[in-house]
Amino acid sequence: MLTVGLTGGIGAGKSEVSRLLVECGAVLIDADRIAREVVAPGTPGLAAVVEAFGEEILAEDGGLDRPWLGAIVFADEEKLALLNSIVHPLVGARSRELEEAAAEDAVVVHDVPLLTENGLAPLYDLVIVVDASTETQLERLVGRRGMSEEDARARMAAQATREQRREIADIVIDNDVPLEELTRRVKDVWAGLVRRADGGPADRRTARE
């Protein structure tokens, strides 16, 4: 088994790369999706969050009111740390369960948005960073997601810098390109991952033309 950490800045195209890797045959473990699952209605995770923050963080349907909880924790570092202390261990445990269930020869890709920020690179055999220029990120966030430029820049500034992400990368996929070219680059990277999983040499490089 080869474990791969996949990360990238907002608007860089990480989700598209993860989709393409799955098409190639990767087993995907999506940290964001798991983070939602472990605090779904009826879970011990949600009960723990309610105990810590009160029932005011519940929506009318009994699920987590994410915008309201976000407004609470992102304005208070201690409350954010408290939330993370509840959710992160649950996400980690579920991720390990899914990884252990994968085939012995699988390439397991962990899609982790805050991999760089949380110092998680040592947990994986290889780290792939999806990178794009600031201009490309802004164009995608404003044009495709409908964010204001001010909001987009604020979200980008709250994350690790491009340089910090590239420092921890074993493979960088530059994504200032059309989907067709990105697809070709991902397929090239996949071929290297398969060789590594089969016991061949690692491909530590930048995925470009």
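The values are calculated or read from the model by the stated rules, or taken from the named source; none is laboratory data. Because the structure is a prediction, the values reported are computed rather than measured. Note that we place each Cβ from the backbone using ideal geometry, even for glycine, and neighbour counts take in every protein chain shown. The area values use the complete protein model at the heavy-atom level, side chains included, leaving out ligands, DNA and RNA. Shrake-Rupley method; radii C 1.70, N 1.55, O 1.52, S 1.80 Å.
Residues that are open to solvent by less than 50 Å² (accessible area, probe 1.4 Å): which helices (runs of 4 or more DSSP H) entirely in segment 94-209 hold 3 or more of them? Spell out how you get there, then give the answer.
Details: elements: 134-143, 149-157, 162-167, 179-197.
The qualifying helices (runs of 4 or more DSSP H) are 134-143, 179-197.
Among the residues of segment 37-85, those identified as in contact with a strand residue (DSSP E or B) (Cβ under 9 Å, 6 or more places away or on another chain) and part of a loop (DSSP other than H, G, I, E, B) are Val39, Ala40, Pro41, Asp65. Only one entry in Asp170, Asp198, Asp125 is modelled with pLDDT under 95 and of a type in the set (Asp, Glu), namely Asp198.
Among the residues of segment 23-55, those that are closer than 26 Å to Ala191 by Cα and surrounded by 14 or more Cβ atoms within 10 Å (Cβ to Cβ) comprise Cys24, Ala26, Val27, Leu28, Ile29, Asp30, Ala31.
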